[in-house]
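Since the structure comes first, as structure tokens, the remarks are kept for the end.
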């Protein structure tokens, strides 16, 4: 009987691999309530990184129309591109929910890439951050930083004019000042404060990286956008040909996975974190893994 049960649970886990991260008792509880989707609201966070609950259509209580992440007393919601029907085998509709989550986050990222031109031309960071979910707002400033940084290096090499680096630096400093100013206002929820504080944390690091490379440009140690000092950075692009966000580090490219990440705080990024990114990306590029080790609070999870 025990063997039959284990075999059954293994079959469910094979169909929906996220079940591997749950214990047998939790999995049995989820499976036993599969015919009543609303009863497993508290279990979504055991299966997904940031989905705390889902919203069902009022007219059809088995139709999932939104996913939600909760921060304090505020919610962040993502509308499903196509509603997911929570009926049939639970592992089947959970798999459908996972795929639809990725499609929906990808749509948000695509919209962000289209608005990036407005950010480059002066769209208010407050407006952009307000209407974007946290991870898309973060991706947005990383896309802008990558594009501006690479464009500055390319123009410097093409026009033999290093002053473009100073102009770009002033823009990054201005962006940081705007973000800090937003954080000093009375934001309407803890979630909004966490979102903008995360943008500040990441953009401080981006500004510092640019200034480090700018210093090497002045010393004639960096000449163009093909220099390793630039290529070793974590660069974010929106590739029009594949319609995907791509993260590049050195000679390794990763397609953005579109997992919903919610609104979470980020640790301060250090030079050690950057070196770890390069090391881990090279390992993953060669189909190896990694096992970060170190004291608590040093950035292993990051």
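Every read-out reported here was derived from the displayed coordinates using simple, explicitly stated rules and does not represent laboratory data. Only a predicted model underlies this, so the values are computations on that prediction, with no experimental measurement involved. All Cβ positions, glycine included, derive from the backbone under ideal geometry; neighbour counts span all protein chains shown.
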query: For residue 59 and residue 89, what does the FRET efficiency come to when R0 = 35 Å and r is the distance between their Cβ atoms, rounded to the nearest 0.05?
result: 0.90
message: At 7 Å along Cα-to-Cβ for each site, give me the label-to-label distance between residue 110 and residue 282 in nm.
response: 3.7
statement: To the nearest 10 degrees, the tilt of helix 134-159 (Cα long axis) against the first principal axis of the alpha carbons of the chain is 30
- request: Would you calculate, for the chain, the mean residue ellipticity at 222 nm contributed by helices, counting each DSSP H stretch of 4 or more residues as -39,500 (n - 2.57) and dividing by all residues, to the nearest 500?
  value: -17500 deg cm²/dmol
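Normalised by the number of residues in segment 240-286, what is the relative contact order in percent for Cα pairs under 8 Å and 6+ residues apart?
Reported as a whole number, the value is 36 percent.
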query: Name the residues of segment 194-225 whose amide N is less than 15 Å from a point 7 angstrom out from the Cα of residue 158 along the C-beta direction?
result: 224-225
statement: So, relative contact order of the chain in percent, Cα under 8 Å, 6 or more apart, is 15
task: For residue 174 paired with residue 301, estimate the spin-label separation in nm (one decimal), with each label point 7 Å from Cα along the Cα-to-Cβ line.
output: 3.7
query: Using a Förster distance of 41 Å, how high is the FRET efficiency between residue 273 and residue 23, based on the Cβ-Cβ distance and rounded to 0.05?
result: 0.80
- prompt: What share of all Cα pairs of the chain, in percent, falls into each consecutive 10 Å distance bin?
  reply: 5, 23, 30, 24, 12, 5, 1, 0
query: So what's the gap between the Cα centers of segment 249-289 and segment 47-99, to the nearest angstrom?
result: 27
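Find how much the distance from residue 13 to residue 265 grows on full extension, using 0.36 nm per residue of separation minus their present alpha carbon separation; answer in nm with one decimal.
Additional length available on full extension: 87.6 nm.
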